[in-house]
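Peer 1: Quick one: the structure is below, and I'll ask about it shortly.
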Amino acid sequence: MSKGLPKRSEDYSLWYNELVKKAGLAENSAVRGCMVIKPYGYAIWEKMQRQLDDMFKATGHENAYFPLFVPKSLFEAEEQNAEGFAKECAVVTHYRLQNDPDKPGKLRVDPNAKLEEELIVRPTSEAVIWNTYKGWIQSYRDLPILVNQWANVVRWEMRTRLFLRTAEFLWQEGHTAHATSEEAVAEAEQMLEVYATFAEQYIALPVVRGVKTESERFAGALNTYCIEGLMQDGKALQAGTSHFLGQNFAKAFDVKFATKEGGLEHVWGTSWGVSTRLMGALVMAHSDDEGLVLPPKLAPIQVVIVPIYKGDEQLAQISEKVLQLKKELEAKGISVKFDNRDTERPGFKFAEWELKGVPVRIAIGARDLENGTAEVARRDTKEKSTQQFDSLATLIPALLDEIQENIYNKALTFREENTTKVDSYEEFKQVIDTKGGFVLAHWDGTPETEERIKEETKATIRCIALDTPEEDGVDMITGKPSKRRVYFAKAY
């Protein structure tokens, strides 16, 4: 099997796009800027979705569903939010087509079917949800509301890349309402930690937990928390965000509640979300020139078993042993594929499953049957070893845990080696241009300095890390005092 993948070192962007397609994750669609998520890619997204959904429910959240369309008047009610998304909105203006009298067999928009009010295809759901909450909330007894929605959204993008930036994408969006500011802040911080835990324990991606600068905040939020991961090309990827909305949306939609003391106050809100962008993070953080490298916890197939045989009799003997092992591993919650196709040779199968990132491959032939052994190959290190067949049901679960940990540690080491402290602007520009990665530097806190650095170097402040210690210093451009370093990087 010829994979035909470019090398990461030669063209990282092309390598990524080709890998996503050749590994069967996604492909471009007939709709400009949109993608088709293929079954293998969707199987990974389902595993992400299932785990996150369990984590949301464990923290008291419930799922609901809200309309795809948002009336323009609702959308523009919170001015900052409307302005922030205005240039990305798809707008529905008519509700009917008709046969085109001038072009037989063609359709046109019926000019008499214009909507009284335009509908926005949701770029995010705060507007329609907070308008709904107005009917749900009367008293402190109705709070908190802890709701999540799994949905698709549309943000019109001119330059798209599979999973990372598409006009339509899948995501979840949590929207919560609280009686106090403290409760809402605690919620936003809690959900950030849920995202960070998921990224590190499941995607095997170490992340920096932090807050965005004022210019990078979600439109309509008082504070935006984020997790930032580092990809193998030295660029950062925002992998999830959680927003403290204050009372902005409650005031815009007049959502008030009667307090215990008998007063009337606006509620406090949050919103938080992750999307299929996580699929891009998964690919870019770990994969190599041979294909995907999937952390076992998110791999649709965790173990593939390839028989090597001559004739139906040998295949029958191997199958008997393999099917028993498959049954034992599946009883332990491990997904196993027995690739007994007779249309492809073993070498083709090895290459195919390597491309698809299956964490463990077991090969067993006639000689292995005689010796009671099998060859075990791990995808992360490409190491092969001969193991006793009867020990595999015990060995494989431990090996999968080891692979998960190793993939994380490799990514953590990469991040540590590509995080650089600088004190001068010249050094900053040199590191950004040559080494890349995260650059820790002092910043005077002004949007003017932030914008200048962005214009001159294409690097942005990814976040002000929550665990960054105070450290007296001076801004590398203005010389003004600074209390802590912030994370800069070029980013997706």
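Peer 1: Go through (1) modelled with pLDDT of 95 or more; (2) of a type outside the set (A, V, I, L, M, F, W, C); (3) closer than 30 Å to HIS266 by Cα; (4) buried (at least 18 other Cβ atoms within 10 Å of the Cβ) for ASN63 and report which single condition fails.
Peer 2: (4)
Peer 1: Residues that are over 30 Å from ASP401 (Cα atoms), hydrophobic (A, V, I, L, M, F, W, C), without any contact (Cβ under 8 Å) to a residue 12 or more places away in the chain and not in a strand (DSSP E or B): does region 184-204 have at least one? Step through it out loud before you land on a result.
Peer 2: Residues of region 184-204 over 30 Å from ASP401 (Cα atoms): 184-188.
Still in the running and hydrophobic (A, V, I, L, M, F, W, C): 184-186, 188.
In the following step, the residues that additionally are without any contact (Cβ under 8 Å) to a residue 12 or more places away in the chain were identified as 186.
Then keep just the ones that are not in a strand (DSSP E or B); that gives 186.
Yes, because at least one residue in region 184-204 is over 30 Å from ASP401 (Cα atoms), hydrophobic (A, V, I, L, M, F, W, C), without any contact (Cβ under 8 Å) to a residue 12 or more places away in the chain and not in a strand (DSSP E or B).
Peer 1: Consider region 10-25. How many of its residues are open to solvent by 30 Å² or more (accessible area, probe 1.4 Å), assigned to a loop (DSSP other than H, G, I, E, B) and touching a strand residue (DSSP E or B) at 6+ places or on another chain (Cβ under 8 Å)?
Peer 2: Looking only at that region, the number is 0.
Peer 1: Under 7 Å by Cβ, and 6 or more places apart or on different chains, what pairs join a residue from region 417-443 that is over 16 Å from ALA236 (Cα atoms) with one that is of a type in the set (Ser, Thr, Tyr) and part of a helix (DSSP H, G or I)?
Peer 2: LYS429/THR457; TRP443/THR449
Peer 1: Considering only region 264-307, how many residues are touching a Lys or Arg at 6+ places or on another chain (Cβ under 9 Å), hydrophobic (A, V, I, L, M, F, W, C) and either buried (at least 18 other Cβ atoms within 10 Å of the Cβ) or closer than 29 Å to LEU395 by Cα (or both)?
Peer 2: 12
Peer 1: Can you name every residue in region 88-134 that is within 28 Å of GLY246 (Cα to Cα) and assigned to a loop (DSSP other than H, G, I, E, B)?
Peer 2: CYS89, ARG122, PRO123, THR124, SER125, listed by residue number.
Peer 1: Say we look at region 409-430 and pick out the residues that are within 29 Å of ASP380 (Cβ to Cβ) and among the aliphatic types (A, V, I, L, M); which of these is least open to solvent (accessible area, probe 1.4 Å)? I'd like the intermediate steps shown before the answer.
Peer 2: As a first pass, look at region 409-430 and keep what is within 29 Å of ASP380 (Cβ to Cβ): 409-420.
Adding the requirement that they be among the aliphatic types (A, V, I, L, M) leaves 411-412.
Working: ALA411: 15, LEU412: 40 Å².
That would be ALA411.
Peer 1: Please state which one of SER335, SER319 is hydroxyl-bearing (Ser, Thr, Tyr), surrounded by fewer than 20 Cβ atoms within 10 Å (Cβ to Cβ) and in contact with a Phe, Trp or Tyr (Cβ under 9 Å, 6 or more places away or on another chain). Spell out how you get there, then give the answer.
Peer 2: Working: SER335 fails: in contact with a Phe, Trp or Tyr (Cβ under 9 Å, 6 or more places away or on another chain).
Of the residues listed, the single one that is hydroxyl-bearing (Ser, Thr, Tyr), surrounded by fewer than 20 Cβ atoms within 10 Å (Cβ to Cβ) and in contact with a Phe, Trp or Tyr (Cβ under 9 Å, 6 or more places away or on another chain) is SER319.
Peer 1: Then there is this: Could you check region 353-394 and list, in sequence order, the residues that are in a strand (DSSP E or B) and within 15 Å of TYR309 (Cα to Cα)? Break it down into steps so the answer makes sense when it comes.
Peer 2: Filtering region 353-394 down to residues in a strand (DSSP E or B) leaves 360-365, 373-378, 384-388.
Answer for region 353-394, where residues must be in a strand (DSSP E or B) and within 15 Å of TYR309 (Cα to Cα): ILE362, ALA363, ILE364, GLY365, THR373, ALA374, GLU375.
Peer 1: Does at least one position in region 26-48 carry a residue that is free of Cβ contacts under 8 Å to residues at least 12 places away in the same chain, outside any strand (DSSP E or B), more than 24 Å from GLN172 (Cβ to Cβ) and open to solvent by less than 40 Å² (accessible area, probe 1.4 Å)?
Peer 2: no
Peer 1: Let me ask something else. Scan region 460-473 and tell me whether some residue there is in contact (Cβ under 8 Å) with a residue 24 or more places away in the chain, farther than 21 Å from SER242 by Cβ and of a type in the set (S, T, N, Q).
Peer 2: No, there is no match, as no residue in region 460-473 is in contact (Cβ under 8 Å) with a residue 24 or more places away in the chain, farther than 21 Å from SER242 by Cβ and of a type in the set (S, T, N, Q).
Peer 1: Also, I was wondering about something else. Of the numbered conditions (1) open to solvent by 40 Å² or more (accessible area, probe 1.4 Å); (2) assigned to a helix (DSSP H, G or I); (3) among the hydroxyl-bearing types (Ser, Thr, Tyr), THR449 satisfies every one except a single condition; which is it?
Peer 2: Every condition holds for THR449 apart from (1).
Peer 1: Please specify each residue of region 465-482 satisfying the condition of being closer than 19 Å to LYS212 by Cβ, at pLDDT 95 or above and surrounded by fewer than 17 Cβ atoms within 10 Å (Cβ to Cβ). Can you show your working first?
Peer 2: From region 465-482, those closer than 19 Å to LYS212 by Cβ are 465-468, 475, 482; that's our starting set.
Cutting the leftovers down to at pLDDT 95 or above gives us 465-466, 475, 482.
Answer for region 465-482, where residues must be closer than 19 Å to LYS212 by Cβ, at pLDDT 95 or above and surrounded by fewer than 17 Cβ atoms within 10 Å (Cβ to Cβ): just LEU466.
Peer 1: Do we have LEU205 as touching a strand residue (DSSP E or B) at 6+ places or on another chain (Cβ under 8 Å), farther than 20 Å from HIS61 by Cβ and either open to solvent by 10 Å² or more (accessible area, probe 1.4 Å) or among the hydroxyl-bearing types (Ser, Thr, Tyr) (or both) here?
Peer 2: On the way: touching a strand residue (DSSP E or B) at 6+ places or on another chain (Cβ under 8 Å): yes; farther than 20 Å from HIS61 by Cβ: yes; either open to solvent by 10 Å² or more (accessible area, probe 1.4 Å) or among the hydroxyl-bearing types (Ser, Thr, Tyr) (or both): no.
No; evaluated as a whole, the condition is false for this residue.
Peer 1: Return yes or no: is GLU228 surrounded by 19 or more Cβ atoms within 10 Å (Cβ to Cβ), in contact with a His (Cβ under 7 Å, 6 or more places away or on another chain), touching a residue at least 40 places away in the same chain (Cβ under 8 Å) and among the charged types (D, E, K, R)?
Peer 2: Details: surrounded by 19 or more Cβ atoms within 10 Å (Cβ to Cβ): yes; in contact with a His (Cβ under 7 Å, 6 or more places away or on another chain): no; touching a residue at least 40 places away in the same chain (Cβ under 8 Å): yes; among the charged types (D, E, K, R): yes.
Criteria not met by GLU228.
Here is a yes/no grid of residues against (1) of a type in the set (Gly, Ala, Ser); (2) within 18 Å of ILE129 (Cα to Cα); (3) surrounded by 12 or more Cβ atoms within 10 Å (Cβ to Cβ); (4) touching a residue at least 60 places away in the same chain (Cβ under 8 Å):
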{"residue": "PRO67", "(1), (2), (3), (4)": "no, yes, yes, yes"}
{"residue": "GLU78", "(1), (2), (3), (4)": "no, yes, yes, yes"}
{"residue": "GLY84", "(1), (2), (3), (4)": "yes, yes, yes, yes"}
{"residue": "CYS89", "(1), (2), (3), (4)": "no, yes, yes, yes"}
{"residue": "VAL92", "(1), (2), (3), (4)": "no, no, yes, no"}
{"residue": "ASP100", "(1), (2), (3), (4)": "no, no, yes, no"}
{"residue": "LYS106", "(1), (2), (3), (4)": "no, no, no, no"}
{"residue": "ASP110", "(1), (2), (3), (4)": "no, no, yes, no"}
{"residue": "GLU117", "(1), (2), (3), (4)": "no, no, no, no"}
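Peer 1: Something else about it: Mind listing just one residue for me: the one in region 164-177 that is open to solvent by less than 10 Å² (accessible area, probe 1.4 Å) and hydrophobic (A, V, I, L, M, F, W, C) and, of those, farthest from the chain's Cα centre (by Cα)?
Peer 2: Filtering region 164-177 for residues that are open to solvent by less than 10 Å² (accessible area, probe 1.4 Å) and hydrophobic (A, V, I, L, M, F, W, C), the one farthest from the chain's Cα centre (by Cα) comes out as ALA177.
Peer 1: Anything in region 135-163 that is exposed (fewer than 15 other Cβ atoms within 10 Å of the Cβ) and not in a loop (DSSP other than H, G, I, E, B)? List them, or say none.
Peer 2: If the condition is that a residue be exposed (fewer than 15 other Cβ atoms within 10 Å of the Cβ) and not in a loop (DSSP other than H, G, I, E, B), then GLY135, TRP136, SER139, ARG141, ASN152 are the ones that fit.
Peer 1: Then there is this: I need the full set of residues from region 353-387 which are under 21 Å from LEU323 (Cβ atoms), out of contact with any strand residue (DSSP E or B) (no Cβ under 6 Å at 6 or more places or on another chain) and open to solvent by 30 Å² or more (accessible area, probe 1.4 Å), in order please.
Peer 2: Across region 353-387, the qualifying residues are ALA366, ARG367, LEU369, GLU370, ASN371.
Peer 1: Still on this structure: Among the residues of region 366-374, are any touching a helix residue (DSSP H, G or I) at 6+ places or on another chain (Cβ under 9 Å), closer than 24 Å to ALA43 by Cα and of a type in the set (S, T, N, Q)? Lay out the reasoning, then the answer.
Peer 2: So in region 366-374, the residues touching a helix residue (DSSP H, G or I) at 6+ places or on another chain (Cβ under 9 Å) come out as 366, 368-369, 371-374.
Next cut, closer than 24 Å to ALA43 by Cα only: none.
No, region 366-374 has no match at all.
The values are calculated or read from the model by the stated rules, or taken from the named source; none is laboratory data. Predicted, not measured: the structure shown is a model, and the values here were computed from it. All Cβ positions, glycine included, derive from the backbone under ideal geometry; neighbour counts span all protein chains shown. Remember, those area values only see protein heavy atoms, side chains included, never the ligands or the DNA or RNA. Shrake-Rupley method; radii C 1.70, N 1.55, O 1.52, S 1.80 Å.
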